[in-house]
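Below you'll find the structure, written out as structure tokens, and then a few comments.
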Amino acid sequence: MVKIILNGEDRTLSKACNLTEALNEWGYKNDMPIAVAVNNVFVPKQDYAKTQLEAENRIEVLMPMQGG
């Protein structure tokens, strides 16, 4: 089990994995318009699969909001 902090809440991953796998496990789909930062560093979408997560990583997932 790998403990991760997602949007300020403790989460547990079943195994060590990359960012793409973790986002899928948490219900984020590949076609969703999201921005992701790991430990306060923006991760471009093309790098999700290359970004290996480690215990205690802080992940922030942001979705665009409509409005004015």
Review point. Taking region 16-41 as the region of interest, how many residues are more than 11 Å from the chain's Cα centre (by Cα) and farther than 21 Å from Met1 by Cβ?
Key: 7
Review point. Considering region 13-32 alone, what residues qualify as being among the aliphatic types (A, V, I, L, M), over 15 Å from Lys50 (Cα atoms) and surrounded by 12 or more Cβ atoms within 10 Å (Cβ to Cβ)?
Key: Leu13
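Filter region 18-31 down to the residues that are assigned to a loop (DSSP other than H, G, I, E, B) and touching a strand residue (DSSP E or B) at 6+ places or on another chain (Cβ under 9 Å) and list them by number.
Trp26, Tyr28
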Review point. Do you know which of the residues in region 42-67 that are more than 12 Å from the chain's Cα centre (by Cα) and not aliphatic (A, V, I, L, M) is most open to solvent (accessible area, probe 1.4 Å)?
Key: Gln66
Check your understanding: Does Ala49 satisfy the criteria of being in contact with a strand residue (DSSP E or B) (Cβ under 6 Å, 6 or more places away or on another chain), in a helix (DSSP H, G or I) and free of Cβ contacts under 8 Å to residues at least 40 places away in the same chain?
Key -> yes
Exercise for review: Select from region 1-12 the residues that are surrounded by 14 or more Cβ atoms within 10 Å (Cβ to Cβ) and closer than 16 Å to Val61 by Cα and list them in ascending order.
Suggested key: Ile4, Ile5, Leu6, Arg11
Practice item. Look at region 13-42 and say how many of its residues are farther than 10 Å from Ile59 by Cα and β-branched (Val, Ile, Thr). Key: 2
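The values are calculated or read from the model by the stated rules, or taken from the named source; none is laboratory data. Everything quoted here is computed from the prediction, not taken from an experiment. Reconstructed Cβ throughout: ideal geometry from the backbone, glycine too, with neighbour counts over all protein chains shown. Ligands, DNA and RNA are excluded from the accessible area calculation, which covers all protein heavy atoms including side chains. Shrake-Rupley method; radii C 1.70, N 1.55, O 1.52, S 1.80 Å.
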